[in-house]
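Colleague: Sharing a structure with you now.
FYI, it's all coordinate maths here, none of it is from the lab. A quick note: this is a predicted structure, and the numbers were derived from the prediction, not measured. Here Cβ is always computed from backbone atoms with ideal geometry, including for glycine, and neighbour counts include all displayed protein chains.
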Amino acid sequence: MTDHHDIRDADLEAPATLLADLRSLYGAPREVPAEVDDTIRRAVWRHFAATPRARIVRYLFPLAAAAAAAAILAILPLSRESIPGDIDGNGEVDILDAFALARRMEATEKIEGGWDMNADGLVDEVDVDLIAAVAVALW
């Protein structure tokens, strides 16, 4: 790992004029001896390790994060139909969604307003094309 005082101008990917302007604004960087950094780092660790809050964070934070992840995973199956363009409700937008919307439009079945992909107030062929474009996109 590189300390901030080990970075040299050659390591930075910035135009020379920008580096010169920054040097003129802030002056030459002051070198901090490694011993000073280590002393401060040890003092901070000792201080925070002794506080009850550090113990709470150390033990309860992973539990809270796991509980939040479990809650999110439990909710995901319930929210599948809210994905824009997911006509068949399988949790992903694929070419079958565009096909399903086109078939429903041909059969004059009930068309939901949430399927208006371009928000023009109409569910039409443009929306089918947008769903198809999303389904085959390579991002």
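Colleague: I'd like the FRET efficiency for Leu18 and Ala43, computed as 1/(1 + (r/R0)^6) with the beta carbon distance as r and R0 of 35 Å, rounded to 0.05.
Modeller: Computed FRET efficiency for Leu18 and Ala43: 0.45.
Colleague: Another question about this same structure. Could you sort 21-27, 83-89 so that the peptide with the highest average Cβ count within 10 Å comes first and the rest follow in order?
Modeller: Descending mean neighbour count gives 83-89, 21-27.
Colleague: To the nearest 20 Debye, how big is the dipole of region 83-136 about its Cα centre, given +1 on the beta carbon of each Lys and Arg and -1 on that of each Asp and Glu?
Modeller: Charge dipole of region 83-136: 100 debye, to the nearest 20.
Colleague: If you take the beta carbon distance between Val136 and Val36 as r and set R0 to 41 Å, what does 1/(1 + (r/R0)^6) give as a FRET efficiency, to the nearest 0.05?
Modeller: For Val136 and Val36, the calculated efficiency is 0.10.
Colleague: Oh, and also: How much length is gained if the chain between Leu96 and Leu25 is pulled fully straight, taking 0.36 nm per residue apart and subtracting their Cα-Cα distance, in nm to one decimal?
Modeller: My answer for the length gained is 19.7 nm.
Colleague: May I ask you to derive the relative contact order of region 83-136, considering only C-alpha pairs under 8 Å and at least 6 residues apart, and to give it as an integer percent?
Modeller: Once divided by the residue count of region 83-136, the mean separation gives 37 percent.
Colleague: Also: So, by mean Cβ neighbours within 10 angstrom, what's the order for 34-45, 118-129 with the highest one leading?
Modeller: For the peptides 34-45, 118-129, the packing ranking is 118-129, 34-45.
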